[in-house]
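Enquirer: Below: one structure in structure tokens.
The values are calculated or read from the model by the stated rules, or taken from the named source; none is laboratory data. Treat the numbers as computed from the prediction; the structure is a model and nothing was measured. Please note: Cβ atoms are built from the backbone with ideal geometry, for glycine as well, and neighbour counts cover all protein chains shown. Areas reflect the complete protein model, heavy atoms only, side chains present, ligands, DNA and RNA absent. Shrake-Rupley method; radii C 1.70, N 1.55, O 1.52, S 1.80 Å.
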Amino acid sequence: MEATKSPYFDTVAYDAIIDACNDSPGRLLTVLEEAQKITPHQYLPEPVLRHIAKRLDVPLSRIYSIVTFYSFFNLKPQGDHTITVCRGTACHTRGSKMLLDDVLLRLGIKPKEGETGSFTSEDMRFTVKTVACFGQCALAPVIAIDEVIYSNVTSEKLETLLKKLASRKVKS
Ligand code: FES
């Protein structure tokens, strides 16, 4: 298929993903996942979602219901590193709210009015997110830095982890 011209983004790479996926039932999920991976700052901008909807002949509303259901899809640009703080009951009772506040403070992120669940630093280096449960409640409180999970996190341990993270350039 001939590439569509968009005033917002180059559709060629997204068309290649769509063309490479076969007609399996999981096609839409795979396309969305791959599209997010190739988008700078790992998210799904609206023009990309519209393009996918048009190419796959799927209602945009269905695409939105999918990307808002699965927490690994992002609708906002993400930082180079992601810190995920568990806010489930077990982690909450063992101090995860304090850890969340601590992470935001240490990374200099001030949540904007009405912003919940995902916060990104102005320099786009860090995104701090919350999750409902990592499934490791016995080891609460639990956080993840990029893809690595840390358990029994204390304020001291957090400080050490964030110092190490700050010394890294980009996600490895
Ligand atoms: S509540 Fe945090 S891991 Fe389950």
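Enquirer: How long are the semi-axes of the equivalent ellipsoid of segment 81-166, defined as square roots of 5 times the Cα gyration tensor eigenvalues? Whole Å, largest first.
Expert: 19, 14, 11
Enquirer: If we sort 14-20, 128-134 on the protection proxy, mean other Cβ atoms within 10 Å, highest first, what's the order?
Expert: 128-134, 14-20
Enquirer: Sticking with this structure for a sec: Calculate for the chain the 222 nm mean residue ellipticity that helices alone would give, adding -39,500 (n - 2.57) per DSSP H run of length 4 or more and normalising by residue count, nearest 500 deg cm²/dmol. Could the numbers behind the result be given before it?
Expert: Working: 7 runs with 70 residues, N = 172.
Helix contribution divided over all residues of the chain: -12000 deg cm²/dmol.
Enquirer: Here's another thing I want to ask about it. Please build a GNM for the chain, connecting alpha carbons under 10 Å apart, and tell me which residue among THR120, THR160, THR84 fluctuates the most.
Expert: It is THR160.
Enquirer: Suppose accessible area is computed on protein heavy atoms with a 1.4 Å probe; arrange HIS51, HIS41 from highest to lowest.
Expert: Descending accessible area places them as HIS41, HIS51.
Enquirer: Hey, got the dipole for the chain? About the Cα centre, +1 on K and R Cβ, -1 on D and E Cβ, debye to the nearest 20?
Expert: Details: 22 positive and 20 negative charges, 96 e Å.
So the magnitude is around 460 debye.
Enquirer: Taking N as the number of residues in the chain, what is its Cα Rg relative to 2.2 N^0.38 Å?
Expert: Working: Rg = 18.2 Å, N = 172, 2.2 N^0.38 = 15.6 Å.
Normalised Rg, Cα atoms only: 1.17.
Enquirer: Residues with beta-carbon under 15 Å from that of ASP23, excluding ASP23: net charge, scoring Lys, Arg +1 and Asp, Glu -1?
Expert: Around ASP23, the charge tally is 0.
Enquirer: Once the dipole of segment 93-172 is set up with Lys and Arg at +1 and Asp and Glu at -1 on Cβ about the Cα centre, which of ALA144, SER121, THR160 lies farthest towards its positive end?
Expert: Of ALA144, SER121, THR160, it is THR160.
Enquirer: Scan segment 134-168 for trypsin sites (Lys or Arg not before Pro) in coil per DSSP, keeping those whose Cβ has at most 13 other Cβ atoms within 10 Å, and list them by number.
Expert: Of the trypsin sites (Lys or Arg not before Pro), the ones in loops of segment 134-168 whose Cβ has at most 13 other Cβ atoms within 10 Å are ARG168.
Enquirer: Over segment 78-172, give the accessible area per residue in Å² for a 1.4 Å probe, as an integer.
Expert: 57
Enquirer: Next question. Could you tell me which of ILE52, THR39, GLY135 has its Cα farthest along the dipole of the chain towards the positive end, charges placed at Cβ (Lys, Arg +1; Asp, Glu -1), taken about the Cα centre?
Expert: Sorting the options by dipole projection puts first GLY135.
Enquirer: Give the list, by residue number, of cysteines in the chain with no other Cys Cβ closer than 4.7 Å, or say none.
Expert: CYS21, CYS133, CYS137
Enquirer: Run the accessible area of the chain with a 1.4 Å probe and give the carbon-and-sulfur part as a rounded percent.
Expert: On the way: 5660 of 10180 Å².
Looking at the chain in its full context, I get 56 percent from C and S.
Enquirer: Cα centroids of segment 18-52 and segment 73-109: how far apart, whole angstrom?
Expert: Each part reduced to its Cα centre gives a spacing of 27 Å.
Enquirer: Per residue, how much accessible area does segment 12-69 have with a 1.4 Å probe, in Å²? Spell out each step's value before the answer.
Expert: On the way: 3200 Å² over 58 residues.
Accessible area per residue, segment 12-69: 55 Å².
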